[in-house]
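Reviewing the structure listed below.
The values are calculated or read from the model by the stated rules, or taken from the named source; none is laboratory data. Just so it is clear, the model here is predicted, and its values are computed rather than measured. Counting neighbours? That spans all protein chains shown, and the Cβs are built from the backbone with ideal geometry, glycine included.
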Amino acid sequence: MNIRVRNIKISRSLIAAFFTAVFVVSGIAQSPAAGPDIRAKVDEYMNARLDAKGFGGAVLFVKDGNTVAGGGYGFADLEAKSPIKPDTKFRIGSVTKQFTAALVLMLQEEGKLNVQDPVCKYLDPCPEAWQPVTIHHLLSMSSGITSITSLPNWRNELRFKDLTPAEVIAMTGPLPLKAKPGDAYEYSNTNYIVLGTIVEKLSGKTYEQFLTERIIKPLGLKDTGLDNGKTRYPNSALGYTMKNGVISPADPVSVTISFSAGAMYSTPGDLHKWQMALLGGRVYKKEETLAAMLTPNKGDYGYGLIVVTDRKGRKRITHGGGIEGFITDSVYFPEEKLFIAAFTNNDRNAMGELMGALTAIPFGEPYALPKKRVAIKLDAAILDKYVGEYQLAPTMSFKIERGPDGLTMEPTRQPKAPLFAESETEFFLTVVDATLKFVKDEAGKVTGLEFTQAGRTMKAARK
């Protein structure tokens, strides 16, 4: 389960993870355009991305209730050559959380719980450290509870197991809280797994049954559901990743463990239908319930949604999700009545870059078309000048070495990755969608490098 967060952070694993962010730009806000020009530019961008990177996805643009652009690009199944369509089903990862939050709030409207209730009121047994944690803290990502996905053995062991919510609680419960509940934003999948268990206990139904009864059926979400990880649903995409520079099937991880934090599947159209019902006041009985869900807390996190005003003064309601083989994102601009969604079936897709470009198109802002990267050979003498260590952050550095096949980059406590030259100073990676440029001073001495991923460039000084 890859996690979607609002702020761009340095990846702790360039091989297993990537930067994800709500795209933020500076300047003066413009009104979004609509019409054939938008559709043509979206097609141009997505086709260029498909040509350059080898994978596409499904996108949707809805303005004032009218679809203005979108479609499918690339293959849902590479072997069968079956194309991605607008209604192709994708795993949506942490986008699941807004559905879970809605179910919790429905139970509150029925008087079965209060978000200020202690979590331990509904858990038996309940970890001692969780005594001060409330449902509100879980919903708002301010509980301090350790995420199951941050445990040291997550990557190599846990993500392959069909762990139950009780087993997740048993693994994370004994750990001390990372912060006093309510004091800090700390994204944790455990929070929403616990919320799913509370939904089941108070509804008397399985999470899937309650989700279907209260949201999926009433809203007619025909292409949305809880993925059991064992069924290949009709018209669904297979998930892919990059291995040694080649598009390959994603690791066959468990979806069971994701549960109410990230196990759903959907389509851009169904997600739009759901969000318009939610934001249009057709999900809750009380206006204050929706208001609570959309009230940003620490880290601009509401309940299962991020609510933020970007540097252009535009309010955004957003949340993304990542799970092996898939990355999903959507953003709604309530003042402009503009909805944009992008679903991809390759977990090395730079979603921040993709959503940044897609968002720029209707607002008439600059963006760059993806280009296909072609590797060239450089003399060993040139490559030797770049060998060394470069400090990217206090806890992250890049060790550049030269082997028989060229340069490699080794991030702190991570495997080496090959670098491929595009020019004398510019290189790219294939294990993730990223580039690297070496920087020289006036005398030609290499003083640092610039690392770019998901549209974000960071500088690292040579040590």
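Provide a single number: the residues in the range 241-279 that are among the polar types (S, T, N, Q) and under 16 Å from the mean Cα position of the chain (by Cα). Write out each step before concluding.
So the first thing to find is which residues in the range 241-279 are among the polar types (S, T, N, Q), and the list is 241, 244, 248, 254, 256, 258, 260, 266-267, 275.
Within this subset, residues satisfying the condition of being under 16 Å from the mean Cα position of the chain (by Cα) are 241, 258, 260, 266-267.
Selection size over the range 241-279: 5.
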> Pairs, please: C-beta under 8 Å, at least 6 apart or cross-chain, first residue within 22 Å of Leu338 (Cα to Cα) and in the range 361-381, second at pLDDT below 95 and of a type in the set (Phe, Trp, Tyr)?
Replying inline: Ile361/Tyr367
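Among the residues in the range 288-306, are any closer than 28 Å to Val432 by Cβ, part of a strand (DSSP E or B) and free of Cβ contacts under 8 Å to residues at least 60 places away in the same chain?
Initial filter on the range 288-306 (closer than 28 Å to Val432 by Cβ): 299-301, 304-306.
Next, from what is left, pick out any that are part of a strand (DSSP E or B): 301, 306.
Add one more test, that the residue is free of Cβ contacts under 8 Å to residues at least 60 places away in the same chain, and what stays is none.
There is no residue in the range 288-306 that is closer than 28 Å to Val432 by Cβ, part of a strand (DSSP E or B) and free of Cβ contacts under 8 Å to residues at least 60 places away in the same chain.
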> When both residues are 6+ apart or on different chains and their Cβ atoms are under 9 Å apart, which pairs have a first residue that lies in the range 209-225 and is aromatic (Phe, Trp, Tyr), and a second that is in a loop (DSSP other than H, G, I, E, B) and modelled with pLDDT of 95 or more?
Replying inline: Phe210/Gly204
> If you go through the range 410-417 one residue at a time, do you hit one that is in a strand (DSSP E or B) and of a type outside the set (A, V, I, L, M, F, W, C)?
Replying inline: yes
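How many residues does the range 224-239 contain that are in contact with a helix residue (DSSP H, G or I) (Cβ under 6 Å, 6 or more places away or on another chain) and either under 14 Å from Phe343 (Cβ atoms) or in a helix (DSSP H, G or I) (or both)?
Step one: filter the range 224-239 for residues in contact with a helix residue (DSSP H, G or I) (Cβ under 6 Å, 6 or more places away or on another chain), giving 224, 226.
Add one more test, that the residue is either under 14 Å from Phe343 (Cβ atoms) or in a helix (DSSP H, G or I) (or both), and what stays is 224.
Here the count works out to 1.
Filter the range 239-273 for residues that are among the polar types (S, T, N, Q) and free of Cβ contacts under 8 Å to residues at least 60 places away in the same chain and give the result.
Ser248
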>> Anything in the range 77-87 that is surrounded by fewer than 22 Cβ atoms within 10 Å (Cβ to Cβ) and in contact (Cβ under 8 Å) with a residue 40 or more places away in the chain? List them, or say none.
In response: Asp77, Leu78, Lys85, Pro86, Asp87
> Mind checking which residues of the range 240-261 are surrounded by 15 or more Cβ atoms within 10 Å (Cβ to Cβ), touching a Ser or Thr at 6+ places or on another chain (Cβ under 8 Å) and part of a strand (DSSP E or B)?
Replying inline: Tyr240, Thr241, Met242, Ile247
> So which residues in the range 418-439 are under 16 Å from Glu450 (Cβ atoms), part of a strand (DSSP E or B) and either at pLDDT 90 or above or outside the structural domain of Met458 (by TED's automatic domain parsing) (or both)?
Replying inline: Ala421, Glu426, Phe427, Phe428, Thr435, Leu436, Lys437, Phe438, Val439
> When you go through (1) without any contact (Cβ under 8 Å) to a residue 12 or more places away in the chain; (2) of a type in the set (D, E, K, R); (3) surrounded by 15 or more Cβ atoms within 10 Å (Cβ to Cβ) one by one for Arg232, which number turns out not to apply?
Replying inline: (3)
> Just wondering, is there one or more residues in the range 31-43 that are crowded, with 21+ Cβ neighbours inside 10 Å and part of a helix (DSSP H, G or I)?
Replying inline: yes
> For Val115, which of the numbered conditions (1) outside any loop (DSSP other than H, G, I, E, B); (2) modelled with pLDDT of 95 or more fails to hold?
Replying inline: (1)
> Does Ala48 fit the bill of being among the aliphatic types (A, V, I, L, M), surrounded by fewer than 20 Cβ atoms within 10 Å (Cβ to Cβ), outside any loop (DSSP other than H, G, I, E, B) and at pLDDT 90 or above?
Replying inline: yes
>> Can you tell me which condition Phe438 does not meet? The list is (1) touching a helix residue (DSSP H, G or I) at 6+ places or on another chain (Cβ under 8 Å); (2) crowded, with 18+ Cβ neighbours inside 10 Å, and all the others hold.
In response: (1)
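Have a look at Tyr185, Tyr207 and point out the one that is touching a strand residue (DSSP E or B) at 6+ places or on another chain (Cβ under 8 Å), farther than 14 Å from Lys97 by Cα and of a type outside the set (Lys, Arg).
Numbers: Tyr207 fails: farther than 14 Å from Lys97 by Cα.
Every option except Tyr185 fails the conditions.
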> What residue, of Ala368, Ala357, is assigned to a helix (DSSP H, G or I), farther than 20 Å from Phe99 by Cβ and in contact with a helix residue (DSSP H, G or I) (Cβ under 9 Å, 6 or more places away or on another chain)?
Replying inline: Ala357
> Which residue pairs have Cβ atoms closer than 8 Å, lie 6 or more positions apart in sequence or on different chains, and pair a first residue in the range 383-411 that is at negative phi with a second residue that is among the β-branched types (Val, Ile, Thr) and surrounded by fewer than 15 Cβ atoms within 10 Å (Cβ to Cβ)?
Replying inline: Ile400/Val387; Glu401/Val387; Arg402/Val387; Leu407/Val387
>> Test of understanding: among Val387, Val432, which residue is in contact with a Lys or Arg (Cβ under 7 Å, 6 or more places away or on another chain) and surrounded by fewer than 17 Cβ atoms within 10 Å (Cβ to Cβ)?
In response: Val387
